[in-house]
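The values are calculated or read from the model by the stated rules, or taken from the named source; none is laboratory data. Because the structure is a prediction, the values reported are computed rather than measured. Here the Cβ positions follow ideal geometry from the backbone for every residue, glycine too, while neighbour counts run over all protein chains shown. Each accessible area value is taken on the protein alone, full model and side chains, heavy atoms only, with ligands, DNA and RNA left out. Shrake-Rupley method; radii C 1.70, N 1.55, O 1.52, S 1.80 Å.
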Amino acid sequence: YLSLNEIELRMLVGKAAEDISNIKDESALKKCAGIVLSRGINKYMVVHFPECVYAFGQNGDMAKCASIDFPRKLIKGAVGAGDAMYAGILFGVHQGWNIADSLKMGVCAATQCLTNAAASDGMVDWRECLKLPEIYGYEKF
């Protein structure tokens, strides 16, 4: 597995990443993912944007999950949110979940992290995290 954000993806693939400024351009993202996956990633490359997260598999599959539509007034801090996202994804993988459900866990964990200014003090049980989409819904992108 490789986890990175859109800036790191651009740095990694160079000129080929010029088209990924629009996250809705999945063909450009797939092109970049293909470049990265060809360099030896065994399972998935995960790339996150503020609006969503994508996973591209070595076997050609793709999954995505939008960010939670969490009210700005409830955000206490973003320290650790990216790490929480990847921890949530890896938790799902470890549990044997499919990649789409693992991305959802990651998005929920990242959102839960926003509820406290400290890096991990806002975290709750994973079952509580998974309730966030029911409460707030997903962002539109």
Residue pairs meeting the criteria (Cβ under 8 Å; at least 6 apart or on separate chains; first closer than 21 Å to HIS48 by Cα, in segment 110-136; second open to solvent by less than 30 Å² (accessible area, probe 1.4 Å) and of a type in the set (Phe, Trp, Tyr)): THR111/PHE70; LEU114/PHE70; LEU132/PHE70; TYR136/PHE70
Per-region count, segment 102-124, residues touching a Leu at 6+ places or on another chain (Cβ under 9 Å) and surrounded by fewer than 22 Cβ atoms within 10 Å (Cβ to Cβ): 3
Meets criteria (out of contact with any Leu (no Cβ under 8 Å at 6 or more places or on another chain) and either among the hydroxyl-bearing types (Ser, Thr, Tyr) or within 14 Å of SER3 (Cα to Cα) (or both)) for LEU130: no
Among (1) over 16 Å from GLU26 (Cβ atoms); (2) in contact with a strand residue (DSSP E or B) (Cβ under 7 Å, 6 or more places away or on another chain); (3) part of a helix (DSSP H, G or I) - the single one LYS73 does not satisfy: (2)
Criterion: free of Cβ contacts under 8 Å to residues at least 12 places away in the same chain and either open to solvent by less than 20 Å² (accessible area, probe 1.4 Å) or over 18 Å from MET45 (Cβ atoms) (or both) - qualifying residue of GLY96, GLY92: GLY96
Test: residue in segment 17-32 that is farther than 18 Å from ILE99 by Cβ, modelled with pLDDT of 85 or more, open to solvent by 40 Å² or more (accessible area, probe 1.4 Å) and part of a loop (DSSP other than H, G, I, E, B): no
Pick from segment 76-89, criterion aliphatic (A, V, I, L, M) and in a loop (DSSP other than H, G, I, E, B), ranking: most open to solvent (accessible area, probe 1.4 Å): VAL79
